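Shown next, in structure tokens, is the structure this report addresses.
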Amino acid sequence: MRLDKYLWAIRYFKTRNQATEACKKGHVRVNSTVAKPSKEVFSGENITVRKNQINYEMEVLDLPPNRVGAKLVDLYRKDTTPPEAFEKVEMLKYSKDYYRKKGTGRPTKKDRRDIDDFVEDSDDDFE
């Protein structure tokens, strides 16, 4: 089975075209080598897919005959993604929440005081 069709069939991508584009951009690796969308996939191979800043890792257990339901996906692949990958994304999400939204204007007096306190505290750490 073709790699792009396999990724579509086990619901990593919504459309086969998205799976093909991810392969062409180099976001998909089979046994740690960049793979084309037409590469044949066999059971026992390891696939890494970079999607939404997460490197999903999986092992191919079997080839599905067609696109399968969400409950049946685990019959055809074994998810070996480390939990640290998901924790890293959570940390990125929290760090982005701190920054001011674009277009909200200059910092308020309270914001400036908070920034000054933070800078003073960090200067004390280096001494």
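Readers should treat all values here as calculations from the given coordinates under stated rules, not as data from a laboratory. Quantities reported herein were computed from a predicted structural model and do not represent experimental measurements. Here Cβ is always computed from backbone atoms with ideal geometry, including for glycine, and neighbour counts include all displayed protein chains.
Two decimals is fine: what's Rg over Rh for the stretch 1-87, C-alpha atoms, Kirkwood radius as Rh?
Working: Rg = 11.7 Å, Rh = 12.7 Å.
That ratio equals 0.92.
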task = Rank-order 17-26, 66-75 by packing density, defined as the average count of other C-beta atoms within 10 Å over each peptide's residues, highest first.
result = 17-26, 66-75
request  = For the chain, set up a Gaussian network in which alpha carbons nearer than 10 Å are linked by springs, and say which option among ARG77, ARG11, ARG106 fluctuates the most.
outcome  = ARG106
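Given only helices, namely DSSP H runs of n ≥ 4 each adding -39500 (n - 2.57), what is the per-residue ellipticity at 222 nm of the chain, to the nearest 500 deg cm²/dmol? Please report the intermediate quantities before stating the final value.
Details: 4 runs with 50 residues, N = 127.
Result for the chain, helices only: -12500 deg cm²/dmol.
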inquiry  = Amide H of LYS51 versus every other amide H placed in the peptide plane: which residues, excluding those fewer than 5 positions away on the same chain, fall under 5 Å?
reply    = TYR56
